[in-house]
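Here's the structure, in structure tokens; my notes come after.
The values are calculated or read from the model by the stated rules, or taken from the named source; none is laboratory data. Only a predicted model underlies this, so the values are computations on that prediction, with no experimental measurement involved. Positions of Cβ are generated from backbone atoms using ideal geometry, with glycine treated the same way; all protein chains shown enter the neighbour counts.
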Amino acid sequence: MANEFNLLVSCPRGKEAMAKAEASAFLSDLGDTSPAIWRTRFSGLLYGRTSLDPFDVVRKARQEALENPWEFRYVTKLVPVGSTCKASTQDLVATAARLRDQISRCRTFRITLSKRGCDLTADQVISSIAPLFSTKVDLENPECVLLIEVIGQDAGISVITEPVFSLQRCVNGNEKLIKIRN
């Protein structure tokens, strides 16, 4: 079931099978005995399920990419997912409310919404969730990000306090690790 994911894996369109194999191998190398990676209905985006801490997986992927950038040929981004729910405003608000303690540990925060294949609007979701938190908002340089990933009828929510893993592929074939917080 799609709402049981705890990782999102991005790859170039049409390279999902290779990215699935690459991500599965990476998770296995980290010690996950039964990683699961499967397609979403959107090109270039896969769900992932690991028995490992998904935030630790992303940290280790970043480190591996810094030390051995050729290790990731197809996986271009890994995003940890802390909680999942259905993609409705009511469920998103309830799930975000359970993350109140994590956000309160930050001096500043931002809500970032990425949505694919749903009718929710960013204003609708953010204006429903923002009142839950008393933490100061900083849109430019937040200490943490409440990241909401909506994929069709499913959603994943995470409190991101450090950059996620992302490789930026350049036209000439060079790649560099970039820091992003969304």
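Annotations
- Qualifying residue in the stretch 52-64 (condition: under 20 Å from residue 158 (Cβ atoms), among the β-branched types (Val, Ile, Thr), touching a residue at least 40 places away in the same chain (Cβ under 8 Å) and outside the structural domain of residue 151 (by TED's automatic domain parsing)): yes
- Within the stretch 115-129, if we keep just the residues that are assigned to a helix (DSSP H, G or I) and hydroxyl-bearing (Ser, Thr, Tyr), the residue that is farthest from residue 86 (Cα to Cα) turns out to be 127.
- Strands (runs of 3 or more DSSP E) fully within the stretch 1-83 counting 2 or more residues that are under 24 Å from residue 103 (Cβ atoms): 7-10, 77-80
- Filter pass, residue 121 being assigned by TED's automatic domain parsing to the domain that holds residue 155, under 18 Å from residue 154 (Cβ atoms) and of a type in the set (S, T, N, Q): yes
- Here residue 107 meets the list (1) more than 17 Å from the chain's Cα centre (by Cα); (2) in contact (Cβ under 8 Å) with a residue 60 or more places away in the chain almost entirely, failing just condition (2).
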